[in-house]
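The values are calculated or read from the model by the stated rules, or taken from the named source; none is laboratory data. For clarity, every value in this text was computed on a predicted model and none was experimentally measured. For neighbour counting, all protein chains shown are included, and Cβ atoms are generated from backbone atoms with ideal geometry for every residue, glycine included. Ligands, DNA and RNA are excluded from the accessible area calculation, which covers all protein heavy atoms including side chains. Shrake-Rupley method; radii C 1.70, N 1.55, O 1.52, S 1.80 Å.
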Amino acid sequence: MQHKPKMNSGDGKAFFIFGLAIYNTMELNEQELIRRQKIEELNAHGINPYPAELWEVNCSSSEILNESDSNPDKFKDINFAGRIMSVRDMGKAAFAVLQDSVGRIQIYVRRDDICPGDDKSDYDFLFKKMLDIGDIIGVKGYVFKTKTGETSIHVSTLKLLSKALRPLPVVKQDADGQVHDAFTDPEQRYRQRYVDLIVNPEVKEAFLKRTQLTNTMRQYLNEKGYLEVETPILQPLYGGAAARPFKTHHNTLDMTLYLRIANELYLKRLIVGGFDGVYEFAKDFRNEGMSRFHNPEFTQVELYVAYKDYEWMMNLVEEMVEKIAIALHGTTEVTVGKHKINFKRPWKRFTMYESIQHFTGVDISEMNEQEMAAAAKKMGIHVDSSMGRGKIIDEIFGEKVEADLIQPTFITDYPVEMSPLAKKHRSKPGLVERFEAVCNGKEICNAFSELNDPIDQRMRFEEQLELGKRGDEEAMQLDEDFLRSLEYGMPPTAGLGIGIDRLTMIMTNSASIQDVLFFPQMRPEKQVVTETQE
C-alpha cells in the first residue's frame, strides 16, 4: 500500500476539530463519531480517505461469477472496486463481500500478500481498524475458488477509495430464516433511495425494466420514422390537459410562467409546421393530489402523426404495448398483483356510455346536465355546481367503472364536453373521436383524432373559460397562438399520450408509483433541532 507523507498529530487534530465543527448542528451517534475519528487517523497516517486518482475497473462481479470457470485466463490479473457489505476476520487473513453495480463477490485478503515485508502494521491498521461496512475499496488480484467452491478474488493490492461516515442498516437473518432490521419502511426507502439501492439491490430491477420499456418504445417509434423532439417546460400558458399547474415567475421578463401540464399544443404546432410524426418523452407537472398512482412530477410520451385517426392510433397502441410486454417478459402475459394481464392483441373495446351502462345499469347517454347530476348522486358520487356535464361523466366513470377494467380495454367515443381538444365524431353527434386505454383499473393512455378546426377549437376554449368562471380549477385556458397556428392549417392528425410511470408500474408489478420513481415527491422531512452548549 502506498501512503502519502504522514501528517503530524497537530494537523490531524486540527482536521478532526474542524470536521466536528462542521457537524456541530447534527446529532451524531456513536458509530458516526467513531468513523469521523477514523478520518483523522487516516489523514495522520498519510492515507487520503477520498483519493482523486483513477481506479481502472476491468471486470464486474457478474462477469467474474459467470465467466471465470469457462475463461480463467481473463481473470488472472483484475482490477475491481466495490462497497464492503460484510467482513469475516480470521486473524492474519479475512474474507469480505464487495458489492458493485450488478452484484456481489467475495474477496480474500491475506496479511502477507498486502504487506509482504516484515512490517505488518499497515494491514492491521487499514484493514482491521480503519475499514468499515459501507466503505468503497479498490482491489487488484486474481480469481480463484475457495475450499468450499466459492468464486472469490485473491487480493494482492487494496486501496481505500471512499470512507463511509454513516453505517449502513445491517440486515440480519436468524436460524429460522427471519429477517431483522431490514430497510423496509417505505418513507425511509423513498427519502433515502441511495441507501435503498445499496441494501435492497433487488429494487434496481424495476428501474432497469423502466429503461428497457422506454428504449423499446423509442426504438418502435424511430423505426416508423417519427422524430423525437423537445418542447418548452416553462410555458406562458398551460394547456393540453385538464389539470392545475405549478406557477412561477421569470424575473427578467417580469412575467408569470407555468410548468407544463402537457406538451400537446407545442407538438401540434410542429405538425402544422410540416412534420409528419413527432414524439417527446416529457416531464410534466400537475399541482394535484398525491397517491400511490399520482406524483406531481411524472413522465409521459406524447405522439402526433399526420393523416391518421384514433382508430389507427388504437392499433398502434396495441402493437407497441404488446412489444413492450414481450421485450420485458418474453410473453404477452404479465402478473400484476393477483391478476394475470394479457396484452395480446386485440384488446376489448367499450364506448364511454356503454361502459357506464354495463357496470352501473344506468344509461346516461340522453341525459342533460341536471339529470346526470341527479343520477350521479343516486350512485353516491359527489357533485357540485362547478362541475359541467363532462366532469360529471368523468366522475361516474372513475368511481363506478375504471376499477373493474383489469384486462387492457379501450374506452372510446367520449362526450364532447369531456374532450375540448378532440375532433367531433364523424357519425355520432355529441361525441368525439377519443379513446383511453385502461388496465389494472387505471388509465395508461389517452388519444384523439385531433381537433384541427380552428373555429370549433376557439368555441371549445371559450366553453372551458366559462367552466373556469364557475370554479373549475382544471379548466383549460384560451391559447391565442395555438389557435393562430391552426388557422394556417393542421392536417388530420392522431395524437397519443402514454403515462410512462403507470405503464412501468404494471410491467414491473409495482403497487405504488413511488416504487418506479427514483426520487418521488415527499413531504418535508421533520428537522430535529438540538441545543448546543456554549
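With respect to being open to solvent by less than 60 Å² (accessible area, probe 1.4 Å), over 26 Å from GLU228 (Cα atoms) and not aromatic (Phe, Trp, Tyr), VAL272 falls outside the description.
Could we say that GLU311 is within 30 Å of ASP363 (Cβ to Cβ) and either modelled with pLDDT of 95 or more or open to solvent by 70 Å² or more (accessible area, probe 1.4 Å) (or both) here? Criteria met by GLU311. Pairs linking a residue in segment 253-280 that is in contact (Cβ under 8 Å) with a residue 60 or more places away in the chain to a residue that is among the hydroxyl-bearing types (Ser, Thr, Tyr) and open to solvent by 10 Å² or more (accessible area, probe 1.4 Å), with Cβ atoms under 6 Å and 6 or more positions apart or on different chains, are ARG269/SER485; VAL272/SER485; VAL272/TYR488. With the requirement that a residue be open to solvent by less than 50 Å² (accessible area, probe 1.4 Å) and not aromatic (Phe, Trp, Tyr), what does segment 428-439 give you? Within segment 428-439, GLY430, LEU431, VAL432, GLU433, ARG434, GLU436, ALA437, VAL438, CYS439 meet the criteria. Six or more apart or on different chains, Cβ atoms under 8 Å: show the pairs whose first residue is in segment 312-334 and among the β-branched types (Val, Ile, Thr) and whose second is assigned to a helix (DSSP H, G or I) and open to solvent by 60 Å² or more (accessible area, probe 1.4 Å). Qualifying pairs under 8 Å: THR332/ILE326. Residues that are farther than 19 Å from ILE137 by Cα and surrounded by 15 or more Cβ atoms within 10 Å (Cβ to Cβ) within segment 68-97 comprise SER68, LYS74, listed in sequence order. Remark: pairs (first residue in segment 38-52, more than 16 Å from LYS159 (Cβ to Cβ); second residue open to solvent by 40 Å² or more (accessible area, probe 1.4 Å) and among the acidic types (Asp, Glu); Cβ separation under 8 Å; 6+ apart in sequence or on different chains) = ALA44/ASP11. Residue selection: MET130 satisfies the criterion of being of a type outside the set (S, T, N, Q), out of contact with any Pro (no Cβ under 8 Å at 6 or more places or on another chain) and under 20 Å from LEU168 (Cα atoms). Of all residues in segment 362-375, none are open to solvent by less than 40 Å² (accessible area, probe 1.4 Å) and either in contact with a His (Cβ under 6 Å, 6 or more places away or on another chain) or charged (D, E, K, R) (or both).
Residues that are of a type outside the set (D, E, K, R), farther than 26 Å from ARG389 by Cβ, free of Cβ contacts under 8 Å to residues at least 12 places away in the same chain and surrounded by fewer than 21 Cβ atoms within 10 Å (Cβ to Cβ) do not occur anywhere in segment 343-361.
Here are MET476, MET507, MET459: which of them is over 22 Å from ARG260 (Cα atoms), open to solvent by less than 70 Å² (accessible area, probe 1.4 Å) and of a type in the set (A, V, I, L, M)? Among MET476, MET507, MET459, only MET507 is over 22 Å from ARG260 (Cα atoms), open to solvent by less than 70 Å² (accessible area, probe 1.4 Å) and of a type in the set (A, V, I, L, M). Within segment 438-470, being part of a strand (DSSP E or B), of a type in the set (A, V, I, L, M, F, W, C) and out of contact with any Pro (no Cβ under 6 Å at 6 or more places or on another chain) holds for VAL438, ILE444, CYS445, ALA447, PHE448. Scanning segment 244-260 for residues that are of a type outside the set (Ser, Thr, Tyr) and either in a strand (DSSP E or B) or buried (at least 20 other Cβ atoms within 10 Å of the Cβ) (or both) returns PRO245, PHE246, LYS247, HIS249, HIS250, MET255, LEU257, LEU259, ARG260. Residues that are of a type in the set (A, V, I, L, M, F, W, C), over 14 Å from SER485 (Cβ atoms) and assigned to a loop (DSSP other than H, G, I, E, B) within segment 227-243 comprise VAL229, ILE233, ALA241, ALA242, ALA243, listed in sequence order. The set of residues from segment 384-430 being touching a Ser or Thr at 6+ places or on another chain (Cβ under 9 Å), part of a loop (DSSP other than H, G, I, E, B) and of a type outside the set (Val, Ile, Thr) comprises LEU405, LYS423, HIS425, ARG426, LYS428, GLY430.
Residues checked against (1) of a type in the set (Phe, Trp, Tyr); (2) open to solvent by less than 80 Å² (accessible area, probe 1.4 Å); (3) farther than 28 Å from VAL109 by Cα; (4) modelled with pLDDT of 95 or more:
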site: SER162; (1), (2), (3), (4): no, yes, no, yes
site: VAL179; (1), (2), (3), (4): no, no, yes, no
site: ASP185; (1), (2), (3), (4): no, yes, yes, no
site: ARG189; (1), (2), (3), (4): no, yes, yes, no
site: PRO201; (1), (2), (3), (4): no, yes, no, no
site: PHE207; (1), (2), (3), (4): yes, yes, yes, yes
site: THR211; (1), (2), (3), (4): no, yes, yes, yes
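Only residues that are in contact with a Lys or Arg (Cβ under 8 Å, 6 or more places away or on another chain), part of a helix (DSSP H, G or I) and charged (D, E, K, R) were counted in segment 314-348, giving 3. Residues of segment 15-26 include none that is modelled with pLDDT of 90 or more, assigned to a loop (DSSP other than H, G, I, E, B) and open to solvent by 60 Å² or more (accessible area, probe 1.4 Å).
Residue check: PHE285 meets all listed conditions (1) open to solvent by less than 20 Å² (accessible area, probe 1.4 Å); (2) touching a Pro at 6+ places or on another chain (Cβ under 7 Å) but one, namely (1). Condition check: part of a loop (DSSP other than H, G, I, E, B) and open to solvent by less than 80 Å² (accessible area, probe 1.4 Å). Does ILE133 satisfy that? Considered against the rule, which asks whether it is part of a loop (DSSP other than H, G, I, E, B) and open to solvent by less than 80 Å² (accessible area, probe 1.4 Å), ILE133 comes out as yes.
Mind checking whether some residue in segment 111-121 is charged (D, E, K, R), open to solvent by 90 Å² or more (accessible area, probe 1.4 Å) and touching a residue at least 12 places away in the same chain (Cβ under 8 Å)? Among the residues of segment 111-121, not one is charged (D, E, K, R), open to solvent by 90 Å² or more (accessible area, probe 1.4 Å) and touching a residue at least 12 places away in the same chain (Cβ under 8 Å), which makes the answer no.
Evaluated against (1) under 17 Å from ILE498 (Cβ atoms); (2) in a helix (DSSP H, G or I), GLU311 falls short on exactly one condition, (1).
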